[in-house]
Every structure is written in C-alpha cells, then in structure tokens.
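Notes follow once the structure below has been shown.
The values are calculated or read from the model by the stated rules, or taken from the named source; none is laboratory data. What you see is a predicted model; the values in this text were computed from it and never measured. Cβ coordinates were reconstructed from backbone atoms using ideal geometry, including for glycine residues, and neighbour counts include every protein chain displayed.
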Amino acid sequence: MPDEEYDSLSLSEIYSELDLEIDEDEFRERVDDKVEQMGGLCDEPTAAKLVAHELEEDRVYDIADVTAEKDEVRFVGKVTSVGEPKEFERDEGEDGMVANVRVRDETGEIRVALWDEYAASVGELEKGDVLKVKGAPKDGWNGGVEINAREIEVDDDDEFDVDVDTSEGAVGAGDVSAGASDVTVVGRVLETSEPRTFDRDDGEGKVANIAVGDETGWVRVALWDDRADDVSSLGSGDVVRVRDGYARERDGGVEVNVGSRGSVERVAEDELEDEVEFHPDPTPVVELEIDETYDVAGVVTDTGETRTFDRDDGSQGKVRNVRLRDDTGEVRVALWGDKADLSFAPGDEVAILNMEAQEGWNDGVEGSVNWASTVYVRSRGSLEGEEDGERSEAGLDSFT
C-alpha cells in the first residue's frame, strides 16, 4: 500500500488493506507499542506504516504467495535444478553473468536468477541444497513469476522436507497443448537425435531433438543452443524431467521448445512416486490405409542397407528399408534422412509413431518415417532359431 494512503484510513481499514500474517488485535498492540516507543512523536497511521514495513521485511513467504507486485520477498526452498552461468554484455559495455536455479517448497516452485558474483559461484550449489533467498519478484518471460536474487544463503537445515524429484506440476506428455508456457513434462525418452548446427542472423545456433512419452502419449522436444548438448547424456528408455519449455504447433503436431531458461535432466526412477511407462496405442498392420498417419508396433523381421541418392536441389539424401511384423501382418517401412541411421536388428521390438502410410509395390501399403516420426526401440532381440509360431507371439501384445 502506498505510504500516502495510511493517513486517510483507520487502523481497521489499514489492517484490511495489508497482507499480514498476524491478526488485527496483535497488529493494534504493535501499533500502540510503536507509538509509545516513539514517545508520542508519531500518530497511529505513521506507527501503523512502520509496523507494516517491519513485518513485511521480516516475513518469510511461501513460494505460492510470491507475486510480481511485491517489492521484495524472502523465502526458503530446496534447489531442484541448477543452470549453467552465461556471460553477456550490458548496455554500458560492462560484462555481466547470470545463472538460473529453481527452488521448491511445499507450496510450489519458482525460478531464481542469480547475477554476477552469485552466478559465478553457482557451481557450488547442488540439487537438494536448502536455499534462503531474498530478492525482487518480476513477471517472467513466459507469464510466470521469477526472482532477481539480491541475497542467497545455503541453509544446513536437514529437516526441510521437500521432494526435489517429483512429477508435481508436470503435464502429461500427450496432454501438452500448443501455446502453453512453463511446461514441465516427466516421461521416458523414446528417441534422441544428434545436435545439428545452423546459421541465424546473430550467429550460429544449435538444436537437438528428443521424444518423450508417458501413459498419456508422447511429445517431441526441441533442445536449443546450450541445451542441445544435454542430449549426449540421454538414452532411449531414460526417465527425464523437462522443465520450463514452451509449446508450439509444428506441422500439425505439438513440440516443446527448451532454451537457456529451461532444462532437461535424468530422473532416478526410484525417487518418483509413480512409475513412468509409455504404452503406444498402435494400429494393426492389416488396417493401414494409404495417405493416413499411424502409430504402429511390432517386431523387426528384416533390415536393408542404407543407400544414398541425389535430390533435385543437388543435396544428398539417404533411405533405409526395414520390415515390421505384428500379430496381423507385415509392412515395409522406409526410414528417411537421419532415421536411416537408427540401429535396428531382426527381433527388436519397436514402436513407430507418426508413420505415414503410402502406396507401395503392387498397390500395397508401405510406411514412411521422416523427421516428424519417432522410433522407440523397446527391447532388443533376435529371430535366429525361432519358429514361425514362436515369432507371432511378439507384436502388439509386447507393448501392453
């Protein structure tokens, strides 16, 4: 409340305007004590203002109660993730540094921006540290609230009981909607790609892609610039937590984008409350129709060699054919571009998500897998020495 408004209000009105953690009787007692302490040099409205400022300065907020309208807040939370420090140049030409950490208490989670000397020492922080934070709230870049830290201190409080490995606040991978911000997804890695570089107006960029799935479905995730290097520590089947992404529509689907403010990290499965499982809902091979897009699942029965070809624009492409069988039939699948480099062997159980069904040889149907598709190798196996009857047991049922 602006200071000039105190003089025109009664004590009851002042109390009702303030967001205090004490009741009105205690507030009145503190005001009376302040008037007496000042030796009659201030009236009740002035004393009320002083008391309110003292209470606000000493208040420790729950993270859920932190809003951008506050001038300054204090809170305590447990570190859930630590970002890398990033250097930048200020308008006046001086070098600066910033690093982001995320802090959680029992009411919620918030991003904390550490600047300069705090950012330089961010490597001393670890996930699970209890952190006392004093700082200025502000509107975040994607609609949330974040803190510009003014003071931080690690607290050796072993009794601060907050789980840092949790799926709380996460949305199902299949439930992510375009336009959503501050997206958190906990899921199983279905596929990864190598980082690739590209040119943009301000220099060179980098991007890598992963696909993440859970019981609700799956979603593509694009990791940009420094985050792209995180893909090297991830493998198919790992459980990961994707934080602070923003979702957008891409070619009819949804993609979660993670930049410098976000993160992707492996999660120990035994530290999660619920098991993370991905079960595709495949269409039987016998039901595939030309010019439609499907999820299919089955066993690889044959793999061809990768061959290269020249495109009309002079660039070189590559393709590889494999055969996939489920309980209802078998289909040839063409893997284009980087998908041709995926490792397959006869007997592998795979799910192919977002596969296009096209017209193949002899008016049959074949599958086409491109960058928008995901290939999840659920298990490795071998068909050598198996009888046809034994082989038919693998397929759709393997993914239920």
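Here VAL254 does not qualify as under 26 Å from ARG380 (Cα atoms) and crowded, with 17+ Cβ neighbours inside 10 Å. Checked against the criteria, ASP341 counts as touching a Ser or Thr at 6+ places or on another chain (Cβ under 9 Å), at pLDDT 85 or above, of a type in the set (Asp, Glu) and under 16 Å from ILE210 (Cα atoms). Scanning region 250-262 for residues that are within 15 Å of GLY174 (Cβ to Cβ) and of a type in the set (Asp, Glu) yields a count of 1.
Candidates are the residues of region 83-122 that are in contact (Cβ under 8 Å) with a residue 40 or more places away in the chain, aliphatic (A, V, I, L, M) and buried (at least 21 other Cβ atoms within 10 Å of the Cβ); the one that is farthest from VAL242 (Cα to Cα) is VAL112. Out of everything in region 182-207 that is surrounded by 14 or more Cβ atoms within 10 Å (Cβ to Cβ) and of a type in the set (Ser, Thr, Tyr), what residue ends up being farthest from ASP226 (Cα to Cα)? This residue is THR184. Those residues that are part of a strand (DSSP E or B) and touching a Phe, Trp or Tyr at 6+ places or on another chain (Cβ under 7 Å), I need them from region 265-310; list them, please. Listed by number, the residues that qualify are ALA297, VAL300, THR303. The residue that is farthest from GLY253 (Cα to Cα), among those in region 216-241 that are in contact (Cβ under 8 Å) with a residue 60 or more places away in the chain and among the charged types (D, E, K, R), is ASP226.
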